[in-house]
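Enquirer: Here's a structure for you.
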Amino acid sequence: MRSSPRLGASVGTHLLALVLVLTLQAGDVTQAQAAVTAPGFSGGPEIVSGGLLWTGTSSGPENVFLSTATGTRLLVPDADLSEVHVDDGWVLVAARSGVRVGRIGQGLGTVQGLRRCPPIRGYQEEGAPLVTLASGRLYAVVRARCLERRPGDAQFLVRVPLGTGNLQVLGRVRSGAISLTAAGSLIALTHEVGPRATHETGVSRVRVEVIDSRNARLLYRLASPPGEYGRYRETQLDANGDVLVTGIRHLPPPGCCEALGWWGNPTTRVGRPLERDGELRASLSEGRIAYATGRDGQRSLDILNLATGGAQTIVTFSGAVRMEGVGLGTTAVAWAQQHYAYATKPEGPPLLSCVTEAPVGSPEIAETPLAAAAPPIVIEATPGLRPAGSGCPPPP
């Protein structure tokens, strides 16, 4: 997820006053908690056991932060959110430079059991290490040769109980996975099907294999639905065995791109497309998916119940406020939002003023508990009075 574009003072940007009104429908007993300021927000939020996890780039490189009721702390400097896993008080950093783990608030160190068996990288040694965290255990995919098994290029799933450093071999898995994720007693390995997506084509399809984390036994496979092909982004898994896959497909000019998303579980086998409008933001937890939708010019944050197929609107956004990210937990949902106001800037040559909308202040992250019958929270914002002049052309 990208941070909102900023218009600097160097181009003569003039921001008008912005009035933000947060209202609740009559009878609504569910209120959003106080918003957390997230300077330079660029990804997240994720609801983890220790709070809200998000990335920001306000001071140079991208950093991962953890926000709680008492404040926000820098958790991992110079890291992307996809590289950081938080579970049960542990932090795992799986970057191209290596794997580090430690308790929140303490230093990160190497994993003893992985020193002679480094995790395989996804995308044929070009991606991040195939390693993840769940229930106080680290899971990784390694080559057979470091385990003194044959054939040497075979791949095995291993486990390291955190705090012990002891490596346990669970079983052989199919080679070529591009990502690894875990939840409860389940592991999801994602594989590309057919030609790999490139910057030129941006097209591939994926298949997800869900295996037992105790012995690496294959439980079921999920295939992407027809037409859902593009550049893979992420696989999410919950302890129920539900899977959510997101990606993006590039469109020919003058278009930009199209969001992709589908979900499945042991009863579907072939994934089902997720409703989307524009850029897809979605989060899976406990048989539900939180995602952004757009209807009749209004944006909203909805939650889909995968068992019943029913959807509930949690938040609606109107006017000059936009949702920038979403995270779903067992009992709460969180989102990032950015407020905008009218701005004028010169276009050139020649230097003619035009009217656009520019972000006001830093993005914010809010959270609300889930309630089955609660009416939606309504967030409204006005961009102020529109200056005279023509609108700025859309970016190329």
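Enquirer: FRET efficiency for ARG116 and ASN305, Cβ-Cβ distance as r, R0 = 35 Å, nearest 0.05?
Expert: Values: r = 46 Å, r/R0 = 1.30.
Efficiency at R0 = 35 Å is approximately 0.15.
Enquirer: Once you place label points 7 Å from the Cα toward the Cβ at ASN166 and THR70, how far apart are they in nm?
Expert: Distance between the two pseudo-spin positions: 3.4 nm.
Enquirer: If r is the Cβ-Cβ distance from THR37 to CYS354 and R0 is 22 Å, what FRET efficiency results, to the nearest 0.05?
Expert: Values: r = 30 Å, r/R0 = 1.36.
For R0 = 22 Å, the calculated efficiency reads 0.15.
Enquirer: What order do you get for 310-318, 135-143 when each peptide is scored by the mean count of other beta carbon atoms within 10 Å, highest first? All intermediate terms of the calculation are to be shown ahead of the outcome.
Expert: Values: 310-318: 17.6, 135-143: 20.6.
Per-residue Cβ counts within 10 Å, averaged per peptide and sorted highest first, yield 135-143, 310-318.
Enquirer: Next up: Determine the gain in length on full extension of the stretch THR331-THR313; use 0.36 nm per residue of separation and subtract their C-alpha separation, reporting nm with one decimal.
Expert: Numbers: separation 18, 0.36 × 18 = 6.48 nm, distance 1.54 nm.
Full extension of this stretch gives 4.9 nm more.
Enquirer: Where the only charges are on Cβ atoms (+1 Lys, Arg; -1 Asp, Glu), what is the dipole of the stretch 143-193 about its Cα centre, to the nearest 20 debye?
Expert: Result for the stretch 143-193 is approximately 180 debye, rounded to the nearest 20.
Enquirer: Let me ask something else. How big is the charge dipole of the stretch 283-396 about its Cα centre, in debye rounded to the nearest 20, if each Lys and Arg gets +1 on its Cβ and each Asp and Glu gets -1 on its Cβ?
Expert: Using Cβ point charges on Lys, Arg, Asp and Glu, the stretch 283-396 gives about 180 debye.
Enquirer: Also: Within 10 Å, count the other beta carbons around each residue, average over each peptide in 208-219, 38-49, 355-366, and list them highest first.
Expert: Working: 208-219: 16.8, 38-49: 21.8, 355-366: 19.2.
So the order, starting with the most tightly packed, is 38-49, 355-366, 208-219.
Enquirer: Here's a follow-up. Using 1/(1 + (r/R0)^6) with R0 = 25 angstrom and r between the beta carbons of ALA371 and GLU234, what's the FRET efficiency to the nearest 0.05?
Expert: Numbers: r = 28 Å, r/R0 = 1.11.
With R0 = 25 Å, the Cβ-Cβ based efficiency is 0.35.
Enquirer: Moving on. Please list, in chain and number order, the residues 5+ apart from LEU75 or on another chain whose amide H is under 5 Å from its amide H, with Hs placed from the backbone.
Expert: VAL64, PHE65, LEU66
Enquirer: Still on this structure: Please list the equivalent ellipsoid semi-axes of the stretch 130-251, computed as the square roots of five times the alpha-carbon gyration tensor eigenvalues, in descending order and whole angstrom.
Expert: Values: eigenvalues 145, 56, 29 Å².
Result for the stretch 130-251: semi-axes of 27, 17, 12 Å.
Enquirer: Okay, next question. For the residue pair ILE104 and ARG272, what label-to-label distance in nm results when each label sits 7 Å from Cα along the Cα-to-beta-carbon direction?
Expert: Between ILE104 and ARG272, the simple spin-label model gives 3.4 nm.
Enquirer: Find which of TRP263, GLN236, ALA223 sits farthest along the positive direction of the dipole of the stretch 210-333, computed with +1 on the beta-carbon of Lys and Arg, -1 on that of Asp and Glu, about the Cα centre.
Expert: Farthest along the dipole direction, towards plus: ALA223.
We did not get these values from a lab; they are worked out from the coordinates using the rules stated. If you're wondering where the values come from, they're calculated on a predicted model, not measured in any experiment. Cβ coordinates were reconstructed from backbone atoms using ideal geometry, including for glycine residues, and neighbour counts include every protein chain displayed.
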